[in-house]
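Since the structure comes first, as structure tokens, the remarks are kept for the end.
The values are calculated or read from the model by the stated rules, or taken from the named source; none is laboratory data. Nothing here was measured: the structure is a model prediction, and the numbers come from that model. Don't worry about glycine lacking a Cβ; one is built from the backbone with ideal geometry, like all the others, and counts go over all protein chains shown.
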């Protein structure tokens, strides 16, 4: 949800006109002649319409640029170019956005207009930030802040600080983000600037939501923001409603989350903002999943990924590379022109000397020939130098693009990790279901194909006995493919266990074996999938001291004073492409004693290579280790197991996701 919150500050920074003022400006423009005043008028109209009627805003910006060129009004042309760049940025069309901003900076530096230069750098920073190039974004925004400071423009400094807060937050520099946001808030409060206060409040809310996880405090900020927004400010309303919906989702208030999500969707319809629509689809999917609406959640997830893919295809397109190359070319042309003028001047001086000193004619001719040779060599060296410089600029631009793409991919996977971590039982939930436990959870990559799941049944049967249901899952592969399979399996488990006919371990596995191929079916090509999972499902009755378990390739261990018992699993995985209705999973029922410890583990621990000979650990050594450390308190046993694993692995890479769950009766 990071992108959703970041956009708020940027949008509000440029909303300058109410609808009534826009209407009066449009009426006024009808009687104006085409001069600099009409350009100014059209720029104000375009900026006012950017978040109300974007296509109309683009038309006014285009017309303002055209008139400014006709009347040679450079300052107006630069301001109109920045306005049009904001339109392109909002539509994720970065190439023309960069082109307009670089053109604006070129014009303003030529006419020495620092205020519009700062304005252009401010928007260039936002564009770099949206592209995922946070280092360049921070550099551009600091440049804008510096120029605004030189002009003693407090509002400009506050705006740059506000946008810097966004860039720092995207770059995971949260202390600097909060510092910049507070500086902006102090200035806006001093200036009594409501739009600015709205923007700064939104930034603080975003930091408390994303970094500090203080959802109640974040909600208070967004509610305060909502109260300050003007009725016709549709863009701000859309994103503020979206942020409030996110807070309610994390607070598990699904009624209010649904209410504000619907308000955000309705507001965004009139804007046609593709980035906001993508974020709303993702939020809708998460909300429906949290509410248990599995089919709706899967539908919105698919729409979210389709739109994300289409946006990513138009995000970069060599935009910055092409613009930087164009600047290098223009600079080269200027330098070559200057060199040509110098050569002409030198030829004229030589000609004058020839006329004045006739007796030195031979010497002068020889001198001219030498000068021509030197000039030719100099020109040759210069061309080679410029060629090398252009190549370096090209390589630098490509490196920036690769880094930006890498950053976006890593950000997306980090976001997927937060989603995956949110499905794992929280400490309080785990403690309620399993009072005495420990978990070792070590994903091989940022995201994992392993996950563990618990479900507490408060009262069962005439005796109203509470039950604890546990699942240990190892999905196909690791990293992103495994993580995606884990989300689908988690969703199906939540659905299955709530059904009265499928809430015992063996019926859960039988039903999961049937439903997984259906969930992954896509236009008749489900047979192309070779995905699946190994899983152990157990039901613990702490009151009557019994354990019921069914396992697909994942064993269960029980340890007491007499030693370690091995509960063998069925040698049958749950597959996405091979459902066998003839096969049914077996149920094991075991009597427990106080002090018994039950262990569930995926194969990642036993499959790790290491030790003095770089060999696989294997299950036998894991079983010996569990038996040797059984008598230790749970916390110490966990520490011993983790230390042993890390020392065994040594400098070798982790080969698979590792998950081990221990429960003491």
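Of the conditions (1) at pLDDT 80 or above; (2) surrounded by fewer than 21 Cβ atoms within 10 Å (Cβ to Cβ); (3) not in a strand (DSSP E or B), residue 516 satisfies every one except a single condition; which number is it?
(2)
Going by what's in this entry, would residue 609 be described as surrounded by 13 or more Cβ atoms within 10 Å (Cβ to Cβ) and over 26 Å from residue 507 (Cα atoms)? Before the answer, list the steps.
On the way: surrounded by 13 or more Cβ atoms within 10 Å (Cβ to Cβ): yes; over 26 Å from residue 507 (Cα atoms): yes.
So residue 609 passes the test.
Looking at 489, 468, 412, 422, which is the one that is more than 22 Å from residue 639 (Cα to Cα) and modelled with pLDDT of 90 or more?
Values: 489 fails: modelled with pLDDT of 90 or more; 412 fails: modelled with pLDDT of 90 or more; 422 fails: modelled with pLDDT of 90 or more.
Within the list 489, 468, 412, 422, the selection yields 468.
Among 442, 431, 406, which is the only one that is at pLDDT 90 or above and surrounded by fewer than 15 Cβ atoms within 10 Å (Cβ to Cβ)?
Working: 442 fails: surrounded by fewer than 15 Cβ atoms within 10 Å (Cβ to Cβ); 406 fails: at pLDDT 90 or above.
Just a single option satisfies the conditions, and that option is 431.
Determine if region 173-194 includes at least one residue that is buried (at least 24 other Cβ atoms within 10 Å of the Cβ), touching a residue at least 40 places away in the same chain (Cβ under 8 Å) and under 22 Å from residue 233 (Cβ atoms).
Within region 173-194 (the criterion being buried (at least 24 other Cβ atoms within 10 Å of the Cβ), touching a residue at least 40 places away in the same chain (Cβ under 8 Å) and under 22 Å from residue 233 (Cβ atoms)), the answer is no, since none of the residues qualifies.
Tell me which residues, restricted to region 371-402, are surrounded by 12 or more Cβ atoms within 10 Å (Cβ to Cβ), over 30 Å from residue 130 (Cα atoms) and modelled with pLDDT of 75 or more.
Of all residues in region 371-402, those surrounded by 12 or more Cβ atoms within 10 Å (Cβ to Cβ) come to 371-372, 375, 378-379, 382-383, 386, 389-390, 393-394, 396-398, 400-401.
Retained after the next criterion (residues that are over 30 Å from residue 130 (Cα atoms)): 371-372, 375, 378-379, 382-383, 386.
Selection gives 372, 375, 378, 379, 382, 383, 386.
Conditions first: (1) under 19 Å from the mean Cα position of the chain (by Cα); (2) at negative phi. Residue 132 passes all but one, so which condition is the exception?
Just one mismatch for residue 132, condition (2).
Considering (1) out of contact with any helix residue (DSSP H, G or I) (no Cβ under 6 Å at 6 or more places or on another chain); (2) at pLDDT below 90; (3) over 26 Å from residue 655 (Cβ atoms); (4) surrounded by fewer than 19 Cβ atoms within 10 Å (Cβ to Cβ), say which one residue 543 fails and leave the rest.
So the condition that residue 543 fails would be (2).
Out of 623, 584, 642, I need the residue that is in a helix (DSSP H, G or I), touching a residue at least 24 places away in the same chain (Cβ under 8 Å) and surrounded by fewer than 17 Cβ atoms within 10 Å (Cβ to Cβ). Which one? Walk me through how you get there before you give the answer.
Values: 623 fails: surrounded by fewer than 17 Cβ atoms within 10 Å (Cβ to Cβ); 584 fails: in a helix (DSSP H, G or I).
Testing whether each residue is in a helix (DSSP H, G or I), touching a residue at least 24 places away in the same chain (Cβ under 8 Å) and surrounded by fewer than 17 Cβ atoms within 10 Å (Cβ to Cβ) leaves just 642.
Checking residue 590 against (1) surrounded by 18 or more Cβ atoms within 10 Å (Cβ to Cβ); (2) part of a strand (DSSP E or B), which single condition isn't satisfied?
(1)
Before we move on, is residue 570 surrounded by fewer than 20 Cβ atoms within 10 Å (Cβ to Cβ), assigned by TED's automatic domain parsing to the domain that holds residue 489 and closer than 30 Å to residue 646 by Cα?
Working: surrounded by fewer than 20 Cβ atoms within 10 Å (Cβ to Cβ): yes; assigned by TED's automatic domain parsing to the domain that holds residue 489: yes; closer than 30 Å to residue 646 by Cα: no.
No, not satisfied.
What are the residues in region 66-104 that are buried (at least 24 other Cβ atoms within 10 Å of the Cβ) and free of Cβ contacts under 8 Å to residues at least 24 places away in the same chain, if any?
Residue satisfying the conditions is 100 alone.
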